[in-house]
Amino acid sequence: MAAKSRSRQAVDASWVGLTVDCVLTVGKISAGILGNSAAMVADGAHSLSDVVTDVVAILGFRMVAQPADSSHRYGHGKFETLCSAFVGVALIGAGLGILWGAGCRIAEAFDGVMPEAPGEIALWAAGLSVIVKEILYRYTVAVALRLDSPALKANAWHHRSDALSSVGAFLGIGGAMALGGWGRLLDPVAGVAVSLIVVKVGLSIAYDAINELTEAALPEDVSRDIVLCGESVPGVRDLHRLRTRRVGAVVAMDFHLLVDPDITIREGHDIATAVEDAIRERMGRDTMISVHVEPDDG
């Protein structure tokens with residue numbers, strides 16, 4: 001799949017998410033204010049963070065579509081990883097914000113200021129948000145898997161975390177409406193539970209992105225597959241000094257090949273080309289490979 005085509009599909013998916021999130025943000029915050037629900041207002045703030053990450057994703061994928069140039073010889077794939085890191089940090093921030101707001105409501109209750117029971121409009125808004133965000137998550141993650149895009153997958157999980165946030169808000173609002181009294185604390189308690197889920201997802205996404213930005217190697221089993229793939233090519237006596245990393249959705253690697261010391265330069269080049277073709281067939285045609293051919297002198 002051409003880089004531009006892949007980027008265009010990712011941008012289109014992000015625009016769908018941005019449109020939905022803008023509508024949900026306005027709707028949920030309005031319902032939270034009218035329905036006197038801290039959980040719903042917090043949930044709306046979470047959707048607002050989705051709007052920000054959607055915008056960042058769109059800008060990031062536009063950068064990824066740019067061809068390699070004199071300042072980015074390996075292309076602009078790292079911008080996609082940078083987007084993933086931003087989404088992870090945004091999720092952590094959103095989760096901590098929800099935790100702070102809900103925690104303050106609980107503390108006020110123990111000081112004698114019990115939160116008012118939320119209204120029915122907040123309950124309906126939470127239920128609708130769960131359905132819409134889950135559909136958006138499934139759509140976005142399907143596109144992310146098809147394009148093998150970590151940034152889009154991270155954004156999909158941001159949508160899923162918003163759906164979970166709305167589930168918590170729905171349960172908290174419903175419980176507060178049904179029980180009254182101290183049961184009204186279920187609204188902010190639900191906010192605390194949701195915030196912890198959001199922070200956990202954000203930490204996981206940020207960790208993976210930072211690993212990639214700091215040139216972490218591919219998993220050990222993938223490296224073993226690369227070695228076996230290369231050594232299966234006729235004429236290769238050994239493949240060693242393998243180094244791997246990711247540049248966005250593309251894998252980059254370099255390694256040494258041991259070959260018969262008595263063959264010609266042309267024959268050594270042909271063997272190296274065959275190894276590159278075999279690995280690209282396994283890892284993707286855009287895989288970046290640098291090969292150093294060495295004579296096997298025993």
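Residues checked against (1) touching a residue at least 12 places away in the same chain (Cβ under 8 Å); (2) over 23 Å from Gly172 (Cα atoms); (3) not assigned by TED's automatic domain parsing to the domain that holds Met177:
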{"position": "Asp54", "(1), (2), (3)": "yes, yes, no"}
{"position": "Gly88", "(1), (2), (3)": "yes, yes, no"}
{"position": "Trp100", "(1), (2), (3)": "no, no, no"}
{"position": "Ile106", "(1), (2), (3)": "yes, no, no"}
* To do: Evaluate the following for Ala142: is it part of a helix (DSSP H, G or I) and within 30 Å of Val113 (Cβ to Cβ)?
  => no
* Output the number of the condition that Ile205 fails; it satisfies all remaining conditions of (1) in contact with a Lys or Arg (Cβ under 9 Å, 6 or more places away or on another chain); (2) among the hydrophobic types (A, V, I, L, M, F, W, C); (3) in a loop (DSSP other than H, G, I, E, B). => (3)
* Go through (1) closer than 10 Å to Gly230 by Cβ; (2) of a type outside the set (Val, Ile, Thr); (3) without any contact (Cβ under 8 Å) to a residue 24 or more places away in the chain one by one and return the number of the condition Arg280 breaks. => (1)
* Members of the stretch 263-287 found to be at pLDDT below 90 and not in a helix (DSSP H, G or I), listed by number -> Gly284, Arg285, Asp286, Thr287
* Looking only at residues in the stretch 20-40 that are under 15 Å from His158 (Cβ atoms) and of a type in the set (Val, Ile, Thr), which one is modelled with the highest pLDDT? -> Val20
* To do: For the stretch 186-196, indicate whether the set of residues that are acidic (Asp, Glu) and modelled with pLDDT under 80 is non-empty.
  => yes
* To do: Scan the stretch 15-40 for residues that are hydrophobic (A, V, I, L, M, F, W, C), crowded, with 23+ Cβ neighbours inside 10 Å and closer than 24 Å to Cys104 by Cα and report the count.
  => 4
* **Sole residue being crowded, with 18+ Cβ neighbours inside 10 Å and closer than 20 Å to Ala109 by Cβ, chosen from Asp162, Asp187** => Asp187
* Count - residues of the stretch 224-258 that are under 28 Å from Lys153 (Cβ atoms) and in a loop (DSSP other than H, G, I, E, B) -> 2
* To do: Identify the residue in the stretch 88-138 that is of a type in the set (Asp, Glu) and assigned to a helix (DSSP H, G or I) and, among all such residues, is surrounded by the most Cβ atoms within 10 Å (Cβ to Cβ).
  => Glu134
* To do: Hey, could you check the stretch 41-67 for residues that are assigned to a loop (DSSP other than H, G, I, E, B) and either modelled with pLDDT of 70 or more or not aliphatic (A, V, I, L, M) (or both) and say which is farthest from Lys153 (Cα to Cα)?
  => Pro67
* Tell me which of these Glu212 doesn't satisfy, since it passes every other one: (1) loosely packed, with under 15 Cβ neighbours inside 10 Å; (2) in a helix (DSSP H, G or I); (3) touching a Lys or Arg at 6+ places or on another chain (Cβ under 6 Å). => (1)
* Does the stretch 138-160 include one or more residues that are in contact (Cβ under 8 Å) with a residue 60 or more places away in the chain, within 17 Å of Ser37 (Cβ to Cβ) and of a type outside the set (D, E, K, R)? -> no
* Output the residue which, of all residues in the stretch 249-296 that are among the β-branched types (Val, Ile, Thr) and touching a Ser or Thr at 6+ places or on another chain (Cβ under 7 Å), is surrounded by the fewest Cβ atoms within 10 Å (Cβ to Cβ). => Val250
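The values are calculated or read from the model by the stated rules, or taken from the named source; none is laboratory data. Since the structure is predicted, the reported quantities are computational estimates derived from the model, not experimental observations. All Cβ positions, glycine included, derive from the backbone under ideal geometry; neighbour counts span all protein chains shown.
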